[in-house]
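A short write-up of the structure that comes next.
The values are calculated or read from the model by the stated rules, or taken from the named source; none is laboratory data. All of these numbers come straight from a predicted model, not from anything done at the bench. So basically every Cβ, Gly included, is an ideal-geometry build from the backbone, and we count neighbours across all protein chains shown. The accessibility values were calculated without ligands, DNA or RNA, using every heavy atom of the protein model including side chains. Shrake-Rupley method; radii C 1.70, N 1.55, O 1.52, S 1.80 Å.
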Amino acid sequence: MKIGLKWIVSFTVISGVAIGGLFWTPATDLPNSGEFLSDDKIVGADVAWILAAAGLVLLMTPGLSFFYGGMVGKKNVISTMLQSFIALGVISILWVVVGFSLSFGDSLGFEINGQHYGLIGNPFSYPFFNHVGVLPHKEMASTIPFILFALFQMKFAVITPALITGSFAERVRFISYLLFMILFSICIYTPLCHMVWHPDGLLNKYFGVKDFAGGTVVHMSAGFAALAGAIVVGKRKNPHHEPSNIPFVLLGTGMLWFGWFGFNAGSALGANATAAIAFGTTTIASASAMMTWILFDRINGRSVSALGACIGAVVGLVAITPGCGFVSIPESLFIGFIAAIVSNVMMNWKRLKNIDDTLDVFACHGVGGIMGMILTAIFAHGEKASLLHGGIEVFIHHMIALVLVSAFAFFGSLILYKVTNRMITLRVSEESENIGLDRSQHEESLNC
């Protein structure tokens, strides 16, 4: 087998990172910086819960691989599952080297009236987890070790590019996807993460965007990147196929739903009442969306299907994510209900179907994230926290931020796909597509 230059370069990069880590001598604390608290502020119950929550969020990525893998044709199951699973390797390393710094490092941005607003983190704040030690951070995680906060956030960074893969399944080269995943994480994910979740981030500090667990940062960014990807890569030669394994989809949905408790309730960053509320709203919104989806399908003349139930459940999980810690259980019922209807309509919209978003990533995650952001701005509890609680300004800011995030994620990803394609051709050959990516890209098959 001929070994291309791109693989030699890739191996050289991972070799350099690994050897660099061997000689890196990180400082574990930031003495006298005033950013960290003493270790007696650590709360054992919070540490135990976030350790468990981080494990739950990690489980979501293998869950996603089953969810997507069961939906594609038999010739592309392994390749599709690997595209999700490989993010655990690529993004985990990237996060340690520079991703965490870009997401949660010292803010780089601009000032308005003496107030600093960050666009992205300083890449030299925490390279190779430098200064990421066991002390709690005063503003970002005041009751757990900072390294636990960093590792918990890493799992969010891992699953985000994996979500995108469903849009261009069955037709993208593996090495091209790896390059795009790295570029997306650095150029799209980390700035959004910083702007929404860092105390000095622009969308957080100026716009007051409420995103409890990633509706904007994770799902909207992935959804719009998926839409851009489907447009750039183009349609499959044979866009019609039967899902290869519905039990895989059911298994993946169960793993996602289970892991989502860590995703949402874990974002409270403590074993507290807010985590309990998020736990409850998460499961009720998903249940509501699942039932709404299959019943809405039926009254529109479509069959009640296991696939529809699974997609509906995931849409509910997506929609409740930004507001899970801010809304009540009864409101989560409505959020799941309305998000399922809107996403269902979008999924069956002929114009969107013509784009060939293979697994309807935009209709589920992009639209679900949009609905979640809007509904959070309507229902979030607290004085002037949302439209229904006197916060008209918060609602307006959310709508402005929604437009900005959508444009940034879509057009930014569009550029990154073009850059990737110039460096390494994105799409497989027609022959490889006909053979299937399992064989043509990985020399494996379900019969191995």
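A few points about this structure:
- For Leu227, the conditions (1) closer than 30 Å to Glu431 by Cα; (2) open to solvent by 10 Å² or more (accessible area, probe 1.4 Å); (3) part of a loop (DSSP other than H, G, I, E, B) are fulfilled apart from (3).
- In segment 89-121, the residues that are over 21 Å from Phe152 (Cβ atoms) and open to solvent by less than 40 Å² (accessible area, probe 1.4 Å): Tyr117
- Here is the figure for segment 230-245: residues that are part of a loop (DSSP other than H, G, I, E, B) and either surrounded by 24 or more Cβ atoms within 10 Å (Cβ to Cβ) or not hydroxyl-bearing (Ser, Thr, Tyr) (or both) total 11.
- Search result, residues across segment 409-444 that are among the basic types (Lys, Arg) and open to solvent by 70 Å² or more (accessible area, probe 1.4 Å): Lys418, Arg422, Arg439
- Selection within segment 83-139 - of a type in the set (D, E, K, R) and more than 25 Å from Phe23 (Cα to Cα): Glu111, Lys138, Glu139
- Meets criteria (in a helix (DSSP H, G or I), open to solvent by less than 10 Å² (accessible area, probe 1.4 Å) and free of Cβ contacts under 8 Å to residues at least 40 places away in the same chain) for Ala363: yes
- Checking the stated criteria, Gly262 turns out not to satisfy the condition of being at positive phi and either small (Gly, Ala, Ser) or touching a residue at least 24 places away in the same chain (Cβ under 8 Å) (or both).
- A single member of Ser103, Ser125 is under 30 Å from Ser10 (Cβ atoms), within 22 Å of the chain's Cα centre (by Cα) and among the hydroxyl-bearing types (Ser, Thr, Tyr), and it is Ser103.
- The condition of being of a type in the set (A, V, I, L, M), more than 28 Å from Phe110 (Cα to Cα), open to solvent by less than 10 Å² (accessible area, probe 1.4 Å) and in a helix (DSSP H, G or I) holds for only one of Ala162, Ala169, Ala157, that being Ala162.
- Only one of Ser84, Ser65, Ser79 that is assigned to a helix (DSSP H, G or I), touching a Leu at 6+ places or on another chain (Cβ under 7 Å) and either closer than 22 Å to Phe261 by Cα or modelled with pLDDT under 95 (or both): Ser84
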